[in-house]
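Scroll down for the structure; my scribbles are underneath it.
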Amino acid sequence: MSFFTYRDGAMHAEGVALATIAAQVGTPFYCYSTGALRAAWREFADGIRGMNARVCYAMKANSNLAVIRLFGELGAGADIVSLGEMQRALAAGIPARRIIYSGVGKKPSELMAALQAGVGQINVESSAELETLNAVAGQLGVAADITIRVNPDVDAGTHAKITTGRKENKFGIDIDLARDAYALAGRLPNLRVVGVAMHIGSQLTSLNPYRSAIARMRALIGQLRSDGHAIDRFDIGGGLGIVYADEKPPSISDFLAMAARETDGLGCELTFEPGRRLVGEAGVLVSEVILVKPGAAKTFVVVDAAMNDLIRPTLYEAWHDIVPVKERRDAATIRCDIVGPICESGDYLAQNRDLPPLAAGDLVMIRSVGAYGAVMASAYNTRPLAPEVMVDGTRFAVTRPRPSIEEMLSVERFPPWMEPTKP
Ligand code: LLP
C-alpha cells in the first residue's frame, strides 16, 4: 500500500494534500508518512514474533526526533554511530540499554560518554578500540558489554560506496583475524564479550549475500565458543533494500525467515539494524519549479531543491522517481534533467527523465527519500536545511522548521581582531 497517492488529481501524503503543506511551509520540504513508518515497523515486529530477536533502528538513515520517538514507542532500540545520535535517541525516549553503539572510529571521550549513559552494547571494530574501551571502562569502574564486528568478506552486490563486507573495506575485523581479536577481548578485564556483529552493506536486493555471510559467521561462532567465549548475541546488521525504480527487494518477512532458518539451533539472540527499509519509502521531498530552460539537447527543469538537500543522485548515481504533485493525465512527455540552482554540474536530482511538460510554479514530488535524504543535507550555498514535516492521517506538523538566514548567520563569529561590522 502506498501512502503517497493522487486523490482528486492532487498528490496526498495520507489525508493531506502536499500542495496544502507547501502553501504553509514553503518549498522544498521533506514529508514523512506516519502510516508508512508504522507499516514498515509492523512488518519487522510481526516477523520477529516468536523469535529471540530485537530490532534496533539504524537512525543514521533518518534521525528526526519525531521519527525516532515513533519507533521507540513501538518498541525499537537504536543503532547509533555518534554521540550526537546517542543524545537524539535518549531525547526521543529510547532507553540507553536498548542502544547499540557502532562505528569504525570511536574516540575515548565518546566511549566514556556512552558507558556513562549506560548504552547496552558496543560493537567494536578493531583491536585498538578493544584496548581503548578496556582502559576507559577501567577508569569508570564498569564492564563494557561488547561484540566484535566481523567482516565476513562477502560481496553484497550494491553500489561501491555502500558495500561494507569485503576485505578491502575499512569496516570490522577480518574474519580470519577474528579469533585473535576475541582472544585479546577475553584477556581484557573490563570487557564482557556478549556476541558477534556484522553488517555487509546497504540496499541489498538479494538474500544470498546474507546467507553466505551468516554461514561464515556460524562457523566462527562455533570456533569462538570452543575458545571459551560466551556468544549469546548475533547482530546481523541492516542493509535490506527498498524500491527506487524497478528493484525487487525481498519482503521483510522473507528476510527475517531466512535469518531464523540460517541461525537455527545457534542459541543466539538476533539483532537487526534496519535503517533504509524502515524509513526510505515513507519519505518524499517536495520542490517547486523555478523555471524551465529549453536546450538544444534537452530541457532543464530548474527546481528549488538541490544537491545540498538530496545528495544521493549525484553521490551514488541514485535514481529517485519524480512526479508532478498535480496529476497529469496527458500522455505527452518531454525529456529533461531536473536540476537545482547550485553552480555545480553535479547538482541534479534526475537526468534524462521523460516527464509531462512542467512550468514555473509547478510542484514536484521526489520519492523514496525518507532514508539518507534530510540527514545527508548540507547548507551549501547558504541554503537553509529543508524543513521536515510529519503527516498522520489528516494532520501534519513541522518536526524540524526551516532555519531563517538570520539564525544560520547568528552561530558564526568574527575574530576579535576584525573591525566590528557597521550598522
Ligand atoms: N548498521 C550499520 C553498522 C550500518 O553501517 C548501517 C548503514 C546500517 C546498520 C543500516 O543500513 P540500512 O539498513 O540503512 O541499509 N548513505 C547511503 C547508505 C549508507 C549506509 C551506511 N550504513 C545511501 O544513501 O545509500
- Please indicate, with yes or no, whether at least one residue in the stretch 118-126 is open to solvent by less than 40 Å² (accessible area, probe 1.4 Å), more than 23 Å from the chain's Cα centre (by Cα) and without any contact (Cβ under 8 Å) to a residue 24 or more places away in the chain. yes
- What about Asp264, is it within 18 Å of Ile48 (Cα to Cα), away from the ligand (no atom under 14 Å from the Cβ) and either of a type in the set (D, E, K, R) or part of a strand (DSSP E or B) (or both)? yes
- Subset of the stretch 1-46, residues farther than 29 Å from Glu73 by Cα, of a type in the set (A, V, I, L, M) and free of Cβ contacts under 8 Å to residues at least 40 places away in the same chain, comes to Ala23
- What number goes with the only condition from (1) assigned to a loop (DSSP other than H, G, I, E, B); (2) open to solvent by less than 70 Å² (accessible area, probe 1.4 Å); (3) without any contact (Cβ under 8 Å) to a residue 40 or more places away in the chain that Pro313 does not pass? (1)
- Looking at the stretch 364-383, which of the residues that are touching a residue at least 60 places away in the same chain (Cβ under 8 Å), open to solvent by 30 Å² or more (accessible area, probe 1.4 Å) and of a type outside the set (Lys, Arg) is nearest to the ligand (Cβ to nearest atom)? Tyr372
- Message: Taking the condition of being modelled with pLDDT of 95 or more, assigned to a helix (DSSP H, G or I) and open to solvent by 40 Å² or more (accessible area, probe 1.4 Å), how many residues in the stretch 128-160 meet it?
- Response: 6
- Item | Pairs where the first residue, in the stretch 203-225, is on the phi > 0 side of the Ramachandran plot and the second is modelled with pLDDT of 95 or more and outside any helix (DSSP H, G or I), C-beta under 8 Å, 6+ apart | Gln203/Gly239; Gln203/Gly241; Gln203/Ile242
- Query: What residue, of Ala331, Ala359, Ala397, is over 22 Å from Ala66 (Cα atoms), open to solvent by less than 70 Å² (accessible area, probe 1.4 Å) and either part of a loop (DSSP other than H, G, I, E, B) or among the hydrophobic types (A, V, I, L, M, F, W, C) (or both)?
  - Reply: Ala359
- Query: Across the stretch 1-36, what is the number of residues that are within 21 Å of Asp309 (Cβ to Cβ) and in a helix (DSSP H, G or I)?
  - Reply: 9
- Given the conditions (1) outside any loop (DSSP other than H, G, I, E, B); (2) open to solvent by 10 Å² or more (accessible area, probe 1.4 Å); (3) touching a helix residue (DSSP H, G or I) at 6+ places or on another chain (Cβ under 7 Å), and given that Leu278 satisfies all but one, which numbered condition is not satisfied? (2)
- Message: Just to be sure before I move on: is Pro387 under 27 Å from Ser63 (Cβ atoms), surrounded by fewer than 20 Cβ atoms within 10 Å (Cβ to Cβ) and more than 16 Å from the ligand (Cβ to nearest atom) in the structure I sent?
- Response: no
- Item | Subset of the stretch 366-394 [assigned to a strand (DSSP E or B) and either in contact with a Leu (Cβ under 6 Å, 6 or more places away or on another chain) or not assigned by TED's automatic domain parsing to the domain that holds Val284 (or both)] | Ile366
- Expected single match for assigned to a loop (DSSP other than H, G, I, E, B), away from the ligand (no atom under 11 Å from the Cβ) and open to solvent by less than 20 Å² (accessible area, probe 1.4 Å) among Ile242, Ile214, Ile231, Ile221 is Ile231
- Query: So which pairs qualify, if the first residue must be in the stretch 100-116 and closer than 20 Å to Ala197 by Cα and assigned to a loop (DSSP other than H, G, I, E, B), the second must be open to solvent by less than 20 Å² (accessible area, probe 1.4 Å) and of a type outside the set (Lys, Arg), the Cβ gap must be under 6 Å, and the two must be at least 6 apart or on different chains?
  - Reply: Ser102/Asp79; Ser102/Asn123; Val104/Glu125
- Message: Looking only at the stretch 400-423, how many residues end up being surrounded by 10 or more Cβ atoms within 10 Å (Cβ to Cβ) and either among the polar types (S, T, N, Q) or touching a residue at least 60 places away in the same chain (Cβ under 8 Å) (or both)?
- Response: 4
- Query: Hey, Ser345 hits all of (1) small (Gly, Ala, Ser); (2) under 30 Å from Arg69 (Cα atoms); (3) open to solvent by 40 Å² or more (accessible area, probe 1.4 Å) but one; which does it fall short on?
  - Reply: (2)
- Message: Take Val193 and tell me if it is open to solvent by 20 Å² or more (accessible area, probe 1.4 Å), part of a strand (DSSP E or B), aliphatic (A, V, I, L, M) and away from the ligand (no atom under 13 Å from the Cβ).
- Response: yes
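Condition check ((1) over 30 Å from Arg261 (Cα atoms); (2) touching a Phe, Trp or Tyr at 6+ places or on another chain (Cβ under 6 Å); (3) open to solvent by 10 Å² or more (accessible area, probe 1.4 Å)) across all residues:
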| site | (1), (2), (3) |
| --- | --- |
| Ala17 | yes, no, yes |
| Cys31 | yes, no, no |
| Thr34 | yes, no, no |
| Arg38 | no, no, yes |
| Met59 | no, no, no |
| Val81 | no, no, yes |
| Ala89 | yes, no, no |
| Ile94 | no, no, no |
| Glu110 | yes, no, yes |
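The values are calculated or read from the model by the stated rules, or taken from the named source; none is laboratory data. No experiment lies behind these values; they were computed from the predicted model shown. Cβ atoms come from the backbone with ideal geometry, glycine included; neighbour counts cover every protein chain shown. Accessible surface is based on the protein model in full, side chains and every heavy atom, while ligands, DNA and RNA are left aside. Shrake-Rupley method; radii C 1.70, N 1.55, O 1.52, S 1.80 Å.
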